[in-house]
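Below: the structure, in structure tokens.
The values are calculated or read from the model by the stated rules, or taken from the named source; none is laboratory data. Here the structure is a predicted model, which means the values were calculated and not measured. Cβ coordinates were reconstructed from backbone atoms using ideal geometry, including for glycine residues, and neighbour counts include every protein chain displayed. Protein only, heavy atoms only, side chains kept; ligands, DNA and RNA dropped before computing areas. Shrake-Rupley method; radii C 1.70, N 1.55, O 1.52, S 1.80 Å.
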Amino acid sequence: MTSYDLPPGLTVESDGPVRTVVIDRPGELNAVNADLHRALAEVWRQLAADRAARVVILTGSGRAFSAGGDLDWITTFLDDPVARDESIREGAQIIEEMLRFPLPVIAAVNGAAVGLGASIAVLCDVVLMSERAYLADPHVAVGLVAGDGGAAFWPLLTPILRTREFLYTGDRIDAATAVEVGLASRTVAPDELLGEARKLADRLAAQPPEALRGTKRVVNMYLSQALGGPMQAGFAAEVVSMQTPDHRERLLALRDRAR
């Protein structure tokens, strides 16, 4: 079994052929700071190198899956273009690594999945959502282009008219609606979520591994080809929007309200 070496905020638990990746900043609702962002970019290659792994479960610690970007970290981008550009590079790496990752990944969305949290949940192969969980992509509401997945990826999964409303408003998408429009696989009672994820993981782990990996590779090849142009355009547009007065004003106001 591979020994995992990751920055703080992300842990990997091993149990037989199943690896459970836990977003682990429960006191901050698993908001993504610099360390966790880097860990989300690095974990997929380490998992792929684990020869005993067959299936991955991705979930959050505590009440949330991930509340999106840590406001204190994101605020530093206003006056630090180096940190800003590094975050964009890592954001693209997270998406590319998840699309390339050979093993099936089950998202067990236990609570709020916001911004990047929503993107990484929807990028998983199967998305199980607690009945109490929700998705949201509020980039536009803070003056940003939804470049880290929402604008590029959601239209592949759900009717574009619904996607537009969700992204333009940033409204919460409850678990039942997420299943209805194709952003989640099914809802699960909150106290049964991890058990259901583990039952599915055990079923997938028992499948012929090469057949399963090959099927995922073909499906994700389609997604990667469809995402090529929109993803690059999305990140480029997000960088531009990060430098606007609207974004600065709205982000600082949001941070101040959260304190």
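Screening residue 161 with (1) out of contact with any Ser or Thr (no Cβ under 8 Å at 6 or more places or on another chain); (2) farther than 28 Å from residue 247 by Cα gives one miss only, at (2).
Quick one: which of 179, 142 is β-branched (Val, Ile, Thr), surrounded by 14 or more Cβ atoms within 10 Å (Cβ to Cβ) and closer than 18 Å to residue 66 by Cβ? None of the other options fit; the residue is 142. Across the range 100-120, which residue is nearest to the chain's Cα centre (by Cα) among those that are surrounded by 18 or more Cβ atoms within 10 Å (Cβ to Cβ) and assigned to a helix (DSSP H, G or I)? Per the criteria, the residue is 120.
A quick yes/no check of all residues on (1) over 18 Å from residue 63 (Cα atoms); (2) surrounded by fewer than 23 Cβ atoms within 10 Å (Cβ to Cβ); (3) touching a residue at least 40 places away in the same chain (Cβ under 8 Å):
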residue: 128; (1), (2), (3): no, no, yes
residue: 135; (1), (2), (3): no, no, yes
residue: 146; (1), (2), (3): yes, no, yes
residue: 167; (1), (2), (3): yes, yes, no
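Tell me, yes or no, whether the range 6-17 has at least one residue that is touching a residue at least 40 places away in the same chain (Cβ under 8 Å), outside any loop (DSSP other than H, G, I, E, B), touching a helix residue (DSSP H, G or I) at 6+ places or on another chain (Cβ under 7 Å) and open to solvent by less than 60 Å² (accessible area, probe 1.4 Å). So far as the range 6-17 goes, no, none of its residues is touching a residue at least 40 places away in the same chain (Cβ under 8 Å), outside any loop (DSSP other than H, G, I, E, B), touching a helix residue (DSSP H, G or I) at 6+ places or on another chain (Cβ under 7 Å) and open to solvent by less than 60 Å² (accessible area, probe 1.4 Å).
From the list 178, 205, the lone residue that is in contact with a strand residue (DSSP E or B) (Cβ under 7 Å, 6 or more places away or on another chain) and under 21 Å from residue 111 (Cα atoms) is 178. Residues of the range 183-235 that are closer than 30 Å to residue 140 by Cβ, surrounded by 13 or more Cβ atoms within 10 Å (Cβ to Cβ) and either modelled with pLDDT under 95 or among the acidic types (Asp, Glu) (or both): 220, 223, 224, 226, 227, 230, 231, 232, 233, 234, 235. Confirm whether residue 74 is part of a helix (DSSP H, G or I) and crowded, with 23+ Cβ neighbours inside 10 Å. For residue 74, the condition - part of a helix (DSSP H, G or I) and crowded, with 23+ Cβ neighbours inside 10 Å - is met.
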